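Read the figures in this text as sums done on the coordinates, not as results from a lab. For clarity, every value in this text was computed on a predicted model and none was experimentally measured. Cβ coordinates were reconstructed from backbone atoms using ideal geometry, including for glycine residues, and neighbour counts include every protein chain displayed.
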Amino acid sequence: MTVDTQSVSVITGNRAAAEAARLARVDVVAAYPITPQSPVVETLSKYIETGVLDAEFITVESEHSAMGVCIGAATSGSRVFTASSANGLAYMCEQLSWAAGSRLPIVMGCANRAMSAPWSVLNDQQDAMSQRDQGWIQLYCRNNQEILDTFLQGFRIAEQVKLPVMVCYDGFILSHTVMPVDIPEQEQVDAYLPPYSVHTILDPEEPRNVNPVTLANPRLNGDGVLCHGYMEFRYLMEQAHKEALDMIVVADEEFEACFGRRWGGLLWSYQLEDAEVVLLAAGSLAGEATISADMLRSEGIRAGVLGLRAYRPFPAAAVADALKEAGLVVVFDKSLSYGYDGPIRRDVQAALFEHRVMPEVHGYIAGLGGRDIKARELVDAARDSITWAEQGKGPKPTDWINLQL
Amino acid sequence: MGQTRHCKQKTAMSWPCVGEAGRTGDWRTLRPVVDPEKCVAARKGKIVCMQCWMFCPDNVISRTAPPEIDMEYCKGCGVCVQVCPSQAIEMRPEHAEDVAASTKEEASCDR
């Protein structure tokens, strides 16, 4: 790949998110500030005030209202954008479900941050994971270029399958760290991302009520057409997620055709071909695991990395296929489903079991509340797991990396 | 999708039209009955007053003389009774057992 250094800027992850929203020509931005996301919408606010971006910035009193505005604007045909983190995302929770149920292609950024209590502004992925079942597509990024590109792909995916997309990137680790990012030209983006065509027809001549009380069973409407009940609408939402499994890959392929880069679609891998030991994670941690894999390989251990890009929809078949030759899979989670385990580890294990792929799977909880994770600590964890597996000790309890208790 | 296969919607929607909210008439336990001797519009044979038509929250009272109430959709809320300036409308129990119950209730209130 050739890089045009003219178009490369050294920018933060938050700035990359804002540039993507600008290039996507969003019509409406509604957001409430929260660390570490704030610079995204501060940048967009500046762009709108100075006329760089022709859009409405709607200031609101809370994240709940921010998503409410996004829902209204998207329903009326605007391309909308917002961003949040942790407590703000939690405050949006009820509206997140409305956005997905309304099948609105809203794209939002989530600069991942730990949930209270105790109070923390630092990174883990508990915030996004806690909103897993709202019906949103969730994509995780490993670096700032991928953030910019994934937002553009996010609009493409959302508007195709009619589901909202949450682009997740690690707070501070990516949101506040500068990296070289190739910022594409507006014409390139226009060619990739056609204008949004609304599917919730709004016409003063033909008024309608969107999302009325929908009873349990299908019911005839005024025209005598039997309309879906609640379950039918929810089934269609799930079908859209299944469609998204293909669309996420297509959006990435189309992106490559336009920009010369791709990110792997649902998954990406590093040194996976002959890997006996696979390190698996989502986000920047998976990027770091590539360094750990190199370190393990220098010790003669055939290690590779599987990076999860799409978490919802969960690419179960693709995960199982990618891991079919692996002997040991070591999964690192930056969040926890309390009372059970790391959510990624458990979803991976379930996917493998369903597809009758049976490597040993070990889980590690890492980096909660901003606890630093070094590549060598991932190496140590992998070594512990290798030893455990060699000794045939059976199921391994989930370990917490660098727990100082 | 069997039954609802003709429904093309991804998002739940409804249009303002008669019966969009279902046959709400079967919610009713009390039925509004207009006394033509007292109703101003009925007595004059002209479209006058029309307070009941104006205030009916379900739009089931016709703008006619006399006003007619569509019992297919009237929920029996009784707003029309409250707004009628000539006390021409009264709510009567739908079923015999309701009559008995209401009589009993009145009896207990009297006591």
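What does DSSP give for the protein assembly as shown in terms of the percent of beta bridges that are antiparallel, rounded to the nearest 5?
Expressed as a percentage, antiparallel bridges in the protein assembly as shown total about 35.
In nm², what is the average projected area of the convex hull enclosing the Cα atoms of segment B:33-89?
Mean orientational projected area (segment B:33-89, Cα hull): 3.2 nm².
Grab the DSSP H runs of chain A that are 4 residues or longer, score each as -39,500 (n - 2.57), total them, divide by all residues and round the 222 nm result to the nearest 500 deg cm²/dmol.
Rounded to the nearest 500, it is -13000 deg cm²/dmol.
Can you give me the long-range amide H partners of A:Leu53? Hydrogens built in the peptide plane at 1.01 Å from N, cutoff under 5 Å, separation of 5 or more residues or another chain.
Amide H neighbours of A:Leu53, under 5 Å, 5+ apart: A:Ile48.
Sorted by average packing, counted as other Cβ atoms within 10 angstrom per residue and highest first, what order do A:156-168, A:292-304 take?
Going by the mean number of other Cβ atoms within 10 Å, highest first, we get A:156-168, A:292-304.
Return the distance in nm (one decimal) between the two label points of a simple spin-label model at B:Arg5 and A:Met231, each offset 7 Å from Cα along Cα→Cβ.
1.8
Take B:His95 and A:Glu299, extend 7 Å from each Cα along the Cα→Cβ direction, and tell me the distance between the two endpoints in nm.
Here the modelled spin labels are 7.7 nm apart.
Take the Cα gyration tensor of chain A, multiply each eigenvalue by 5, square-root it, and list the three semi-axes largest first, rounded to whole angstrom.
The equivalent ellipsoid of chain A has semi-axes of 36, 25, 20 Å.
Using only Cα atoms and rounding to the nearest 10 degrees, what angle (0 to 90) does helix A:63-75 make with the longest principal axis of chain A?
Tilt relative to chain A: about 60 degrees.
Quick one: helix A:13-23 against the long Cα principal axis of chain A, what's the angle to the nearest 10°, folded into 0 to 90?
Rounded to the nearest ten degrees, it is 30.
What is the mean number of Cβ atoms from other protein chains located within 10 Å of the Cβ atom of each residue in peptide A:208-218, rounded to a whole number?
Partner-chain Cβ atoms within 10 Å, mean over residues of A:208-218: 4.
What is segment A:126-219's relative contact order, in percent, from Cα pairs under 8 angstrom and six or more apart in sequence?
27
Nearest 10 degrees, 0 to 90: what angle lies between the long axis of helix A:230-259 and the longest principal axis of chain A (Cα atoms)?
70
Near the amide H of B:Glu68, under 5 Å away, which other amide H atoms are found, from residues 5 or more places off or on another chain, if H is placed in the peptide plane?
B:Ser62
Rg to Rh for segment A:1-103: what is it, with Cα atoms only and Rh by Kirkwood?
Looking at segment A:1-103, the ratio lands at 1.01.
Highest mean first, how do A:96-105, A:69-78, A:113-122 rank when packing is the count of other Cβ atoms within 10 Å averaged over residues?
Ranking, from highest mean packing down: A:96-105, A:69-78, A:113-122.
Distance cut-off 24 Å, Cα to Cα: go down the list A:Lys242/A:Lys324; A:Lys334/B:Lys10; A:Lys324/A:Lys396; A:Lys242/B:Lys10; A:Lys162/A:Lys242 and report the pairs above it.
A:Lys334/B:Lys10
Per residue of A:71-83, how many C-beta atoms from partner chains lie within 10 Å of its own C-beta, taken as a mean?
Per residue, the average neighbour count from other chains is 0.
Give me the Å³ per residue figure for the convex hull around the C-alpha atoms of segment A:255-397.
In segment A:255-397, the Cα hull volume divided by residue count equals 125 Å³.
Whole-Hz Karplus ³J(HN,Hα) for segment B:21-36, in order, using 6.51 cos²θ - 1.76 cosθ + 1.60 and θ = phi - 60°, x for Gly and Pro?
Here the 3J(HN,Hα) series is 8, x, 6, 6, x, 7, 7, 6, 10, 10, 10, x, 10, 8, 8, x Hz.
Return a whole-number percent for the relative contact order of segment A:267-400, with Cα pairs under 8 Å and 6 or more residues apart as the contact set.
25
Taking θ = phi - 60°, what integer Hz values does the Karplus form 6.51 cos²θ - 1.76 cosθ + 1.60 yield along segment A:30-43, in sequence order, with x for Gly and Pro?
The phi angles translate into 10, 7, 10, x, 7, 5, x, 7, 2, x, 4, 7, 5, 5 Hz.
Using mean Cβ contacts within 10 Å as the protection proxy, how do A:277-285, A:169-177 order, highest first?
A:277-285, A:169-177
For peptide A:228-234, what's the mean number of Cβ atoms from other chains within 10 Å of each residue's Cβ?
So the per-residue partner count for this stretch is 4.
Using θ = phi - 60° and the Karplus curve 6.51 cos²θ - 1.76 cosθ + 1.60, what whole-Hz ³J(HN,Hα) does each residue of segment A:90-104 get, with Gly and Pro shown as x?
Residue by residue, segment A:90-104 yields 5, 5, 7, 2, 4, 6, 4, 5, 4, 4, 5, x, 7, 6, 9 Hz.
For labels at A:Glu187 and B:Arg23 in the simple 7 Å Cα→Cβ model, what's the distance in nm?
6.5
Pulled fully out, how much extra length does the chain show between A:Lys324 and A:Asn211, if you take 0.36 nm times their separation in residues and subtract their Cα-Cα distance?
36.3 nm
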